[in-house]
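Scroll down for the structure; my scribbles are underneath it.
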Amino acid sequence: MNPIRILLVDDHAIFRQGLRKLFEEQSEFSVIGEASSGAEAVEAATRLSPDVMLLDLQLGDMTGLDVLRRLGVGMKAKTLLLGADIQRADELTAILLGASGTVGKYVASETLFQSIRSVVTGEMWVKRDVIGELIGMLRTRENSTSNALGHFGLTARELEIVKAVVQGMGNREISESLGISHFTVKHYMTRIFDKLLVANRVELALFATRQGLAQNRPSR
C-alpha cells in the first residue's frame, strides 16, 4: 500500500521539522514537500498534488483560509487546517472553502494520524455540533436564494468582481485589475451584496465558493 503523501504548510521551521520527524517514524505517511508561506503553499499544492495538506491557519503573508480561497473548490488534496486556537467562525469558513477538517496544533500524535486517515477515506474531521451548525447555515442560504435565477442576477462584471473577492483581492487590487475606479468597485460591491443577500466580503466569498461562482479566476 502506498504511503499517504503529505504537504506541510507552516511558517515556523521548527514546527515543520517536528512534524516531518514525526511522520518519518510512520511508514504509512510520506512528507513530499513543505511550504513556509501562503504563496508557497498554493504553488506546492498545485505542483505536487499531495493526498493531504496540513495547513497552518496563520501564515506570514496570508491566512490558511486565503490559501483555500486561492486553490479553489477543485483542489483534489484533502486539507486539514492546523491552529493553536481555531475559532468556530474560522472552522466553519474552512469547511465551506473546501477543507476536510481542523486539528489543534497540540493534539496527541495519534489523533493527528487518525485525522489524516479519516479525511483520506472521504470523512470529515470536525465536531458533530459544527456539522449541525453548517447544515443550518446552508439550509438558510438555500431558502433565502430559492428564487434566484442563473448566476443570481449578477452581470458579467459583477461576476468578475465576485471571483476577485474569492481570490482575496481588496478593492484597490480589483480596481487596478479591471481598470475601473475605486468608487466604481465599491458601487458594484454594494449591488452584489444586495443581490446575493450577504452582509460582508466573508459571507460573499463563502457563498460564491459553495455556489461555484468563482471557479474561473479573473485574469490579473
Give me the pairs: first residue in the stretch 3-18 and in the same structural domain as Ala84 (by TED's automatic domain parsing), second residue part of a strand (DSSP E or B) and acidic (Asp, Glu), beta-carbon distance under 6 Å, and six or more apart or on different chains, which are they?
Leu8/Glu34; Val9/Asp56; Asp10/Asp56; Arg16/Glu34
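Tell me whether the stretch 87-97 contains one or more residues that are loosely packed, with under 14 Cβ neighbours inside 10 Å, modelled with pLDDT of 85 or more and among the small types (Gly, Ala, Ser). Talk me through it step by step, then tell me what you get.
Initial filter on the stretch 87-97 (loosely packed, with under 14 Cβ neighbours inside 10 Å): 87-89.
Subsequent filtering for residues that are modelled with pLDDT of 85 or more retains 87.
From what is left, the residues that are among the small types (Gly, Ala, Ser) are none.
No; the residues of the stretch 87-97 include none that is loosely packed, with under 14 Cβ neighbours inside 10 Å, modelled with pLDDT of 85 or more and among the small types (Gly, Ala, Ser).
Given the residues Arg20, Arg5, which is the only one that is among the basic types (Lys, Arg), surrounded by fewer than 19 Cβ atoms within 10 Å (Cβ to Cβ) and farther than 28 Å from Leu92 by Cβ?
Numbers: Arg5 fails: farther than 28 Å from Leu92 by Cβ.
Result: Arg20 is the single residue among Arg20, Arg5 that is among the basic types (Lys, Arg), surrounded by fewer than 19 Cβ atoms within 10 Å (Cβ to Cβ) and farther than 28 Å from Leu92 by Cβ.
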When the stretch 66-115 is examined, which residues are found to be in contact (Cβ under 8 Å) with a residue 60 or more places away in the chain and under 17 Å from the mean Cα position of the chain (by Cα)?
Asp66, Arg69, Arg70, Gly72, Val73, Gly74, Ala77, Leu82, Thr93, Leu96, Leu97, Gly98
Some residue of the stretch 3-12 being more than 25 Å from Glu123 (Cβ to Cβ) and at pLDDT 95 or above
yes
Taking Gly153 as the residue in question, decide whether it is in a loop (DSSP other than H, G, I, E, B) and at pLDDT below 85.
yes
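Look at Gly60 and say whether it is touching an Asp or Glu at 6+ places or on another chain (Cβ under 8 Å) and exposed (fewer than 15 other Cβ atoms within 10 Å of the Cβ).
Details: touching an Asp or Glu at 6+ places or on another chain (Cβ under 8 Å): yes; exposed (fewer than 15 other Cβ atoms within 10 Å of the Cβ): yes.
The answer is yes for Gly60.
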How about the stretch 102-138: which of its residues are assigned to a loop (DSSP other than H, G, I, E, B), at pLDDT below 90 and small (Gly, Ala, Ser)?
Gly122
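The values are calculated or read from the model by the stated rules, or taken from the named source; none is laboratory data. What you see is a predicted model; the values in this text were computed from it and never measured. Counting neighbours? That spans all protein chains shown, and the Cβs are built from the backbone with ideal geometry, glycine included.
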